[in-house]
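As structure tokens, the structure follows; a few thoughts come after it.
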Amino acid sequence: MIVEVCINYQDANVDRTFDYLVPGHLEELVEVGKRVYVNFGVSNRVVEGLIINVKEDTNVEREKLKCVLAVIDKIPIVSDEQIKLAFSIKNYYATKLGQALGLIIPPFVSNNEIYIICAQQTSDLTLEDELKEIYNRILKRPVSANSKLAKENEDKIASLFLRGLLRFELKLLKSLNEEKRETPTEPQYKLTKDQKKALELITSTFDKGIYKNILLFGVTGSGKTEVYIQAMRYVISKGKSVILMVPEISLTPQMIQNVKRRIESEVVVYHSKMNSSQRQRAWLKLKSGEAKVVIGPRSAIFAPAKELGLIIVDEEHETSYKSEKSPRVNAVEVAQMRAKINSIPIVLGSATPTVEHYYYAIAGKYAICTLRERINKALPEVFVVDMKKEILDGNKSIFSRLLLSEIEKNLQRGEQVLLFLNRRGYSPIVICRECGYVYMCKNCSISLTYHKDGYLRCHYCNYKQEYTSICPKCGSKYVRQYGSGTQRIEDEIKTYFKDARVLRMDKDTTTRKDAVEEILSKFKSKEADILVGTQMVAKGLHFPDLTLVGVINADTILNMPDFRSKERTFQLITQVAGRAGREKQGRVVIQTFNPDDYSIVAASNHDYESFFEEEIKIRKTMGYPPYSYIVNFIVVSQNEGFAKKGIENVYRLLEKCTKIVNLKIYGPSESPIFKVENQYRYHILVKFEKASQMIDIANMIKERYNYNNAELIIDVNPINT
Ligand code: ADP
Ligand code: ZN
Ligand code: ZN
């Protein structure tokens, strides 16, 4: 028997594995996902490794093959299924194996915090006295791998391990459960016809035991959550577990409460901001099967859910599922890989599905179910205001006359208002009117944003400097702030409505823990009339008395140089608009300089289909996804010349590929933001016709790129190009 072992699996740069022979007496013990001790290198150091495959044969010559020395774990630290997932990630995103494993194995698992050391009973034992003493102590009572005893006797314990006398076991606390669970409540209402159909589709797919994407396309407030919950209950009743992914954990307290109240099994939350002991608890509960539901953002897709039966992705279109740090995985794609490995359904829920997913649905590749109507109320009435006309009519305010009069009416009725602008700070640009100098970050090619506290800040690297109204270039006093951020909206709206109580929710007001919940609960209990906010307020919120939503500037995303800018605009407007009138009739005012743009027109009509029809035509003509597969190759260095040289290397490698496959190369060029945190970035965008070709070539470039002066980042299916 042979095992394939990954040495130093905690190291992100590790990409190779090695074969080892399993001696007869260990054959029973080896298993994928367990750690082993092996000899490594010419000096035959004893090192720890992770078994990633068990097989019969190897290409290594027999006499060169080394033996496994000892098996460390009694229970695999990662499941077979999770290891398969690591390989899918490595392959699809062209990452190193260590990077992929790093996503799946949380740090506490590899640094021993959750293990106890147990001794094996054996009959014929000849041990030196000092080893014998330790052995007998552990035999009598297992010790924590973190204990003083274990740490002070590391050498002795290691040699007992090598003789096969000790083993790690996961520390499964007697009862992990401290809070009593209430009996789950039943809903007080009957499912609508559409909801029933959706539920049946999900449960019957689950029963078949097949991998299938199910797009749950339901307008905001159409009862998607109820479908999720009932589907989860079904899957759990069959003994399986569920991963429910949400875009942002702090914005979903309502949903988590709902799920907890309705599910038989324990529900755990899992995300990277939890402290180590919270995360350990959640990890152990899932691994032991005590908890059958895990809710969380991106990282929850890697949770050790036992016997996974269903994955649900709420708001599947959200960009927060994509990691902007290496490895640049998209949790929705990873969820699809994991569902495929387990032969289970994956539900993608959204009121504004991604163009790609909707395309697959109508092409028959994904199943689709639609929730057509809002449960309680009609969708809000939407007004689009042409800001060009406002200016021509002499209104120089940030607020249109319509928005102001609607706010006024709302306040008189005692109802609430949400004002949305996806820009924080006071003014995004500060310019010298004399010489045209724009205040820039010294680390990034990004203009500094003026904040009310008198500082200029970079929203990329957090650099700040004190604001002086004298131009650093020409000394002129004519320095002006242009444009508005949420701070300015908050200030100016107060000048129009002096008695209104205004709250602001953006990154600046929510740095403190619990700040989000505090602001939301204040607004909910009507301690404020107007809530001003960035993207943070666009998702999932439900306030009965919120009947007016104002979109201050619908064009901020529209003008971005990205092929998804229309899709983003449509999604964002539809989502914010969906916050209005969830229980009473609501209204939405959209301010824009592009009132005729199809993304804005369609959003104002709540008309996903016509948006999709326009958008898909353009995608086809331009050869964008879903008609192509895109990889962004980015080369980064502190030294501009090195970065340039690196990208030229990538270009030469790509050029060779044009002879074998059909691909389109755009670049090399400077990245849209050339310098970030003092790192220069060049990139090449490549379009492929087939996913398989994209994967092959991305991996080939990863293997062949060997210019050490500049780092190569491979971004597969980038969301910001
Ligand atoms: P979505 O997730 O699609 O935005 P929600 O799940 O928040 O919508 O549902 C909106 C509201 O409708 C919630 O308050 C929910 O409790 C309620 N609801 C869901 N299904 C039904 C139903 N079949 N009958 C009555 N009310 C329902
Ligand atoms: Zn910066
Ligand atoms: Zn100047």
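Read-outs throughout are calculated quantities, based only on the coordinates presented, and are distinct from any laboratory measurement. For clarity, every value in this text was computed on a predicted model and none was experimentally measured. Methodologically, a virtual Cβ is constructed for each residue, glycine included, from the backbone with ideal geometry; neighbour enumeration extends over all protein chains shown.
Some notes on this structure:
- Added length on full extension, which subtracts the Cα-Cα distance from 0.36 nm per residue, Thr621 to Ile673: 16.0 nm
- Axis of helix 515-524 versus longest Cα principal axis of the chain: the two differ by about 50°, to the nearest ten degrees.
- Under 14 Å from the Cα of Lys473 - aspartates and glutamates, other chains or at least 8 residues apart: Glu434
- The alpha-carbon atoms of the chain define a convex hull whose volume equals 200 cubic angstrom per residue.
- Ranked packing of 185-196, 667-678, 233-244, 287-298, most packed first, by mean Cβ within 10 Å: 287-298, 233-244, 667-678, 185-196
- Against the compact-protein benchmark of 2.2 N^0.38 Å, the Cα-based radius of gyration of the range 301-374 scales to 1.16.
- Among the listed pairs Lys151/Lys287; Lys84/Lys238; Lys498/Lys539; Lys365/Lys644; Lys273/Lys340, those beyond 32 Å (Cα-Cα): Lys365/Lys644
- C-alpha long axis of helix 129-140 to longest principal axis of the chain, angle in °: 60 degrees
- Estimated Rh, the range 563-646: Kirkwood, alpha-carbon pairs, angstrom: 15.6 Å
- Qualifying trypsin sites (Lys or Arg not before Pro) for the range 311-410 [loop in DSSP, other Cβ within 10 Å: at most 10]: Lys325, Lys396
- Theoretical ellipticity at 222 nm over the chain - DSSP helices of four or more residues, -39500 (n - 2.57) apiece, nearest 500: -10000 deg cm²/dmol
- Note on Asn395 and Asp129: the model spin-label points, each 7 Å out from Cα along the C-beta direction, lie 9.4 nm apart.
- The range 629-716 - Debye-derived log10 I(q)/I(0), Cα point model, q = 0.19, 0.20 Å⁻¹: -0.77, -0.84
- Counting only cysteine Cβ atoms and a cutoff under 4.7 Å, the chain contains unmatched residues Cys6, Cys67, Cys118, Cys369, Cys461, Cys657.
- Three principal axis extents describe the C-alpha atoms of the range 252-406; from largest down they are 67, 41, 39 Å.
- nm² value of the averaged projected area, convex hull over the Cα atoms of the range 51-106: 5.2 nm²
- Fraction in percent of alpha-carbon pairs per bin - 5 Å, the range 592-633: 6, 22, 20, 18, 16, 11, 6, 1
- The alpha-carbon of Lys702 sits under 14 angstrom from the alpha-carbons of these aspartates and glutamates, leaving out residues fewer than 8 places away in its chain: Asp15, Glu711, Asp715.
- Take the Cβ atoms of Leu402 and Glu703, set R0 to 56 Å, and the FRET efficiency comes out at 0.45.
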